[in-house]
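To start, the structure under review is shown below, and the notes come after it.
The values are calculated or read from the model by the stated rules, or taken from the named source; none is laboratory data. Quantities reported herein were computed from a predicted structural model and do not represent experimental measurements. Cβ coordinates were reconstructed from backbone atoms using ideal geometry, including for glycine residues, and neighbour counts include every protein chain displayed.
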Amino acid sequence: MSAETPTPADTAVEAPADAAVERPRKRQARGERRIAQLLEAAGQVFVESGYAATTTNAIAARAGVSPGSLYQYFPNKDAIAAALAEFYAQQLDELMAPFAQVDPATTALEEALTTALGPIVEFHRRNPACLVLFVAGDAPGHVADLQAPLVARTHAQIQALLGAYAPRLPERELELVAMVTLAAYKGVLPLLVSAEDADVPALRRELTALLIGYFGQVTGRRA
């Protein structure tokens, strides 16, 4: 009696369990790269066209993908903006961390500001769409809402820094000074973002001098 001819199912080698895990990981990695690609393209188009005039078709074209591919990850332009804004907020949180680590006993206020402002200014210059989403006021309400907790945390970090260098200032006065400081930075930010590379160090020094002069007047009132 002859043996039965084996079928493909009989001869197939079962894939190792770790191979089955690896495939979803590769798909996830590809998805993450595509999302990053779309967010980068969106940032570029937001800067060039403004938020209101930007379309998902323009973002997809800049990313080099079809609109259908874009919709696999984001249902609309607002969702893309929200994801980009959340990414910016996380990055800025990390950049603000040095404010909480300054020791007034060993670091002058001017040095602390210079050290902290440098990376923050460079971040905004590398990501000008952050200006469109958080400062220009062109983004929809739910995207602007993402700014609120970031502003609150930034305000608290500035207030803590000032409190360390001016411990005599009342809490309410520190709150107001931190509020004005943040508004002053946001006011200068468009100039910093659009400046030529050669002009940025000088502009940063001027901003530092502006803040130092302001802080000096404030702390002098309580000297």
Residue satisfying all of: in segment 67-117; assigned to a loop (DSSP other than H, G, I, E, B) and either within 24 Å of the chain's Cα centre (by Cα) or hydroxyl-bearing (Ser, Thr, Tyr) (or both); surrounded by the fewest Cβ atoms within 10 Å (Cβ to Cβ) among these:
Thr106
Restricted to segment 129-149, and to residues that are modelled with pLDDT under 75 and in a helix (DSSP H, G or I), which residue is surrounded by the fewest Cβ atoms within 10 Å (Cβ to Cβ)?
Gly141
Assuming Glu86 fulfils every condition listed in (1) modelled with pLDDT under 90; (2) over 29 Å from Gln157 (Cα atoms); (3) of a type in the set (Asp, Glu) apart from one, which condition is it?
(2)
Taking into account only those residues within segment 89-107 that are within 16 Å of His124 (Cβ to Cβ) and charged (D, E, K, R), which is modelled with the highest pLDDT?
Glu94
Top-ranked residue of segment 45-64 - restricted to ones that are modelled with pLDDT of 95 or more and surrounded by 14 or more Cβ atoms within 10 Å (Cβ to Cβ), ranked as nearest to Leu150 (Cα to Cα):
Val45
Only one residue in Arg168, Arg172, Arg153 is in the same structural domain as Glu94 (by TED's automatic domain parsing), at pLDDT 90 or above and of a type in the set (Lys, Arg), so which one is that?
Arg172
